[in-house]
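Working notes, beginning with the structure itself.
The values are calculated or read from the model by the stated rules, or taken from the named source; none is laboratory data. Every value quoted in this text rests on a predicted model; they were computed, and no experiment measured them. Surface accessibility is based on the protein's heavy atoms, side chains included, excluding ligands, DNA and RNA. Shrake-Rupley method; radii C 1.70, N 1.55, O 1.52, S 1.80 Å.
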Amino acid sequence: MKNLILTTSLIITLITSQFAFSQTKRTPASAGRAEYIEVEPGVKLHVTDLGVGQPIVLIHGWPLSDEMYEYQYQYLVRKGFRVIGITLRGFGKSDKPYGKYNFDVFSDDIYAVLHTLKIENAVLGGFSMGGAVTIHYVNKYKSAHVSKLALFAAAAPSWKQRADYNYGISEEGAAGLIKQTITNREDLIGGLGAAFAAKGTTLPKNTEKWLENINLSASPYVVTESISALGDLDLRPVLKNITIPVAIFQGTKDQLIDFTLAEQLQKGLKNSYIVKFENSGHALFVEEMDKFNSELEQFAKK
């Protein structure tokens, strides 16, 4: 009996040691890319980093996160691109510290991520407010790490009307929206699904729910601060500084960003062209997903 116990114990020891040895030799499944990148002490941004090849970097709109590009990730990775989605501070899964939330901060954060990842010659794309962020970034950092710019229903060159600029949201409309973010954020976000759809249509119910869930993950404080900063931003004077190729994607039935803003962008950007989405509102990335993805792929390959 004693010998049997000793034999059994030896077998268990051998099995355990072999299992432990096999675990230490296991080939890592991860590509070693961090999901969170520190952009300043104590502040990390959530980054989706998939695929290999020519990099495409995507910046989300207000008040979304990099999750909005789910169907672009799925498509572009399988077309041989490395696609990177950056969630701006204050939104989605990124850190939400108290402090400044303006376009200098957002641009600095993008630079920190691209520098950390050693990205070069990327196509930089931005949706809605993210479009304004990417224009600001390209101007401030003189196209560092990027070689092309894609603007998707961009809230630019000026989201708000001005004395010499009759396009975009009125001063009163902007003020009312900002007030809603402070007093009635849930209903405001709940109504964005309808506002994102093309005029006269609706988004599928589950698509609305998906976008609403992403929107609700943003910091309420940042939702207000960032849209206020957008209202203060006038990018018209800097458009002439941008000489890299620019593709301007715009839905013709957009209820939030009028098509005239895309035309203003084209006038100011020397090396740009417009891609019309005839059946899309603001959510062109899902309303005409196939066209959106293929046009972005073609632009990246030019």
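Sorting ILE86, ILE169 by accessible area puts them as ILE169, ILE86; the probe is 1.4 Å, largest comes first, and only protein heavy atoms count. Largest mean-square fluctuation among LYS140, LYS118, LYS100, in a Gaussian network model of the chain whose springs join Cα atoms under 10 Å apart, belongs to LYS118.
Here, the stretch 87-160 is characterised by an Rg to Rh ratio of 0.95, where Rg is the alpha-carbon radius of gyration and Rh the Kirkwood radius. The angle separating the long axis of helix 103-117 from the principal Cα axis of greatest extent in the chain is about 40 degrees. The candidates SER272, SER94, arranged from most to least accessible area with a 1.4 Å probe in the full protein assembly, appear as SER272, SER94. Ellipticity at 222 nm from helices only: DSSP H runs of n ≥ 4 in the chain, each -39500 (n - 2.57), divided by the residue count, give -13500 deg cm²/dmol.
Computed over the chain, relative contact order equals 17 percent, with contacts defined as Cα pairs under 8 Å that lie 6+ residues apart.
Quick check on the stretch 57-198: take the gyration tensor over C-alpha atoms, sort the square-rooted eigenvalues as a ≥ b ≥ c, and tell me if it's rounded (a/c under 1.5), prolate or oblate. Prolate, because a/c is 1.5 or more and a/b exceeds b/c.
Solvent exposure of the stretch 29-301, expressed per residue, is 41 Å² of accessible area, with all protein chains present and a 1.4 angstrom probe. GNM on the chain, alpha-carbon springs under 10 angstrom: the most fluctuating residue among LEU261, LEU151, LEU88 is LEU261. For the chain, which whole percent of the accessible surface, found with a 1.4 angstrom probe, sits on carbon and sulfur atoms? It is 53 percent, rounded to a whole number. Among THR87, THR201, THR243, the largest mean-square fluctuation in a Gaussian network model of the chain (Cα springs under 10 Å) belongs to THR201.
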